Protein chains: 2
Amino acid sequence: MTANPARRSETSRQAILTAAFDLVGEVGYAKLSIEGIAARAGVGKQTIYRWWPSKGAVLFDAFLALMGGGPGDDAALPDTGDLAADLKTVLSATVDELNDPRFDEPMRALNTEIVHDAELAAAYAERLDLPMRELKRKRLRAAKEAGQLAADLDLDLAIDLLWGPLLNRWMQRGGPLTHEYVNALVDTALNGMRQGAPG
Amino acid sequence: MTANPARRSETSRQAILTAAFDLVGEVGYAKLSIEGIAARAGVGKQTIYRWWPSKGAVLFDAFLALMGGGPGDDAALPDTGDLAADLKTVLSATVDELNDPRFDEPMRALNTEIVHDAELAAAYAERLDLPMRELKRKRLRAAKEAGQLAADLDLDLAIDLLWGPLLNRWMQRGGPLTHEYVNALVDTALNGMRQGAPG
């Protein structure tokens, strides 16, 4: 049996993504280079440039790979019927990731890179941010239909109110990210969004 | 009368700050350089390096200069007694700034640079973020004492809920930044923080 080029190619691809993710955590985004990724992955630079235009693009695919390729068709936020509990579960998991040093630096790098790289920002929006936002919208829409949220609530504003404070606190290092913080955030934000909340 | 070295020095300093601010808006942060700032300001590179360790540090001082040196001793958020109206005034002014192309690029540069530069982050926290946060806390504390906010409300969480969604939407280009958005954000967030809001 001869070597399978498709399989060899996939092995290189995985090695490159793993190398990019590990390296950015070790040296930071500024010092991350295609050369460094190639050396760590044991491939030539040209192999990387054949598939990706920039180190930011490699890093983004490394993220998607880590998340199992981004949200799949059957992906969904938990729905136990208790919106507050479900949101606390989701945001607590996010906080655990943000507090994990293995994730912190690569995620900061990606989040700052998309600010300056329009092409990467478009890929990020299309493949990660918009699908995730649709999952959040879907869970909140179910709560709205169950009468748990005000009928005229703008779902994008609701998403901003639940996720924005957390992500902004993380990016600006504005305070500790704890499960207690998540619980207070979800309770206070939902208070303002309930059917019949004081206007 | 001989030339006044202190005045000449201050003139150079102002020229450098203006050049840094203008240039980052024109070429973006990645292409901003000490050389470029020096050429635009009509000074030598060494003059810049005598006062600042990095282009990020120059840009930060350019911001502070623009804001009149950062929040002064008598700075305060408006207090008409109507918390919602006051917050809408403040956040609408912020939205107008964020929508101004002259401010957008320099502010993005500063906000992403502090993520990667610990020294700049410390200066930013000490000279801008913490004083601003104290002004916000003071305004919210007055509302709490007037019984307009829940007695057990955490003021830092309240600040995150009011400013976090806006700043996160701006950084992630997650949607339009309008006065209507600000009004809905303030109303919904405050709903959840009122005395006697549903728990």
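The values are calculated or read from the model by the stated rules, or taken from the named source; none is laboratory data. For clarity, every value in this text was computed on a predicted model and none was experimentally measured. Because the Cβ atoms are built from the backbone with ideal geometry, glycine has one as well, and the counts that use them run over all protein chains shown.
Candidates B:173, B:137: the one that is on the phi < 0 side of the Ramachandran plot and outside the structural domain of residue B:37 (by TED's automatic domain parsing) is B:137.
Residue by residue through the stretch A:167-191, note down the ones that are touching a residue at least 24 places away in the same chain (Cβ under 8 Å) and in contact with an Asp or Glu (Cβ under 8 Å, 6 or more places away or on another chain). Within the stretch A:167-191, A:185 is the sole residue that qualifies. Scanning the stretch B:73-113 for residues that are within 14 Å of chain A (Cβ to nearest Cβ), over 20 Å from residue B:134 (Cα atoms) and not hydrophobic (A, V, I, L, M, F, W, C) yields B:104, B:105, B:106, B:108, B:112, B:113. Applying the condition of being in a helix (DSSP H, G or I) and free of Cβ contacts under 8 Å to residues at least 24 places away in the same chain to the stretch A:142-164 and asking which residue is farthest from residue B:125 (Cα to Cα) yields A:145.
The lone criterion from (1) in a helix (DSSP H, G or I); (2) away from chain B (no Cβ under 14 Å) left unmet by residue A:122 is number (2). Of the helices (runs of 4 or more DSSP H) contained entirely in the stretch A:1-117, those carrying at least 1 residues that are touching a Leu at 6+ places or on another chain (Cβ under 6 Å) and within 30 Å of residue A:147 (Cβ to Cβ) fall at A:83-98. Does the stretch A:75-113 hold any residues that are out of contact with any Asp or Glu (no Cβ under 9 Å at 6 or more places or on another chain) and aliphatic (A, V, I, L, M), and which are they? A:75, A:76, A:83, A:85, A:87, A:90, A:91, A:93, A:95, A:109, A:110, listed by residue number.
When the stretch B:10-54 is filtered for residues that are touching a residue at least 60 places away in the same chain (Cβ under 8 Å), surrounded by 13 or more Cβ atoms within 10 Å (Cβ to Cβ) and out of contact with any helix residue (DSSP H, G or I) (no Cβ under 6 Å at 6 or more places or on another chain), the ones remaining, listed by number, are B:28, B:54. Just checking, does the stretch B:147-156 include any residue being within 18 Å of the chain's Cα centre (by Cα), of a type outside the set (Asp, Glu) and either at positive phi or within 11 Å of chain A (Cβ to nearest Cβ) (or both)? The answer is no; no qualifying residue exists.
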